[in-house]
1. Somewhere in the range 111-120, is a residue free of Cβ contacts under 8 Å to residues at least 40 places away in the same chain, surrounded by 14 or more Cβ atoms within 10 Å (Cβ to Cβ), in a loop (DSSP other than H, G, I, E, B) and among the aliphatic types (A, V, I, L, M)?
2. Among the residues that make up the range 61-72, is at least one of them closer than 18 Å to Leu27 by Cα, exposed (fewer than 13 other Cβ atoms within 10 Å of the Cβ) and modelled with pLDDT of 95 or more?
3. Within the range 78-121, track down each residue that is among the aliphatic types (A, V, I, L, M) and out of contact with any Ser or Thr (no Cβ under 9 Å at 6 or more places or on another chain).
4. If you go through the range 30-59 one residue at a time, how many are in contact (Cβ under 8 Å) with a residue 40 or more places away in the chain and either farther than 16 Å from Leu94 by Cα or assigned to a strand (DSSP E or B) (or both)?
5. Would you confirm whether or not the range 33-44 contains a residue that is of a type in the set (Gly, Ala, Ser), over 17 Å from the mean Cα position of the chain (by Cα) and surrounded by 12 or more Cβ atoms within 10 Å (Cβ to Cβ)?
6. Just to be sure I understand, how many residues within the range 106-124 are at pLDDT below 95 and closer than 16 Å to Tyr26 by Cα?
7. Do we find that Phe14 is closer than 20 Å to Gln136 by Cβ and either modelled with pLDDT under 95 or surrounded by 12 or more Cβ atoms within 10 Å (Cβ to Cβ) (or both) in this structure?
8. Tell me which residues, restricted to the range 60-84, are more than 12 Å from the chain's Cα centre (by Cα), of a type in the set (Gly, Ala, Ser) and part of a strand (DSSP E or B).
Amino acid sequence: MARLIGLILWVTLFSCDNDLGTRNPYLQEIGFRFPMNLNLPLYSPLTNFGNPVFVDNPGIGTRGFFVIQATIGQYRAFEASCPNHAPNDCSTLLLKGLTATCSCENYEYSLFTGQLINRPDDGNRYYDMLEYRATQSGNVVVVSN
């Protein structure tokens, strides 16, 4: 009986996976909470599907964030600093239609998915945009991390 318990304990300890995913080494994950009232003119474009808004208030993320209503009633928010190098003078992504572009290397990211659209095929590791939580309660969308 003791051997069976020991075996179960051994299997349990060594079968645990401590891989929490690949963390982006370039971006810090800064805690914040930012409510956006959709009745205000600044955020009213978010009431329509596919209209992104850039928010760059101090203290929210590294360089601010982009938020978009990706599907009816589902909002997505992404960090506005390019995820493929350390923050610098050119790393704030620029809004271009439904994509965000890094002026350093011209990387393009989808604001619907956060994925790097023009991923180089050179064998190096590239990161997609850092996503923040976006929830809606009535006419308020809260973006947080």
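The values are calculated or read from the model by the stated rules, or taken from the named source; none is laboratory data. This one's a predicted model, so the numbers in the text were calculated from it and none came from an experiment. Backbone-built Cβ (ideal geometry, glycine too); neighbour counts: all protein chains shown.
1. Checked the range 111-120: no residue is free of Cβ contacts under 8 Å to residues at least 40 places away in the same chain, surrounded by 14 or more Cβ atoms within 10 Å (Cβ to Cβ), in a loop (DSSP other than H, G, I, E, B) and among the aliphatic types (A, V, I, L, M).
2. no
3. Ala86 - this is the single residue of the range 78-121 that is among the aliphatic types (A, V, I, L, M) and out of contact with any Ser or Thr (no Cβ under 9 Å at 6 or more places or on another chain).
4. Number of matching residues: 15.
5. yes
6. The total comes to 1.
7. When the stated conditions are applied, Phe14 does not pass them.
8. Within the range 60-84, Ala70 is the sole residue that qualifies.
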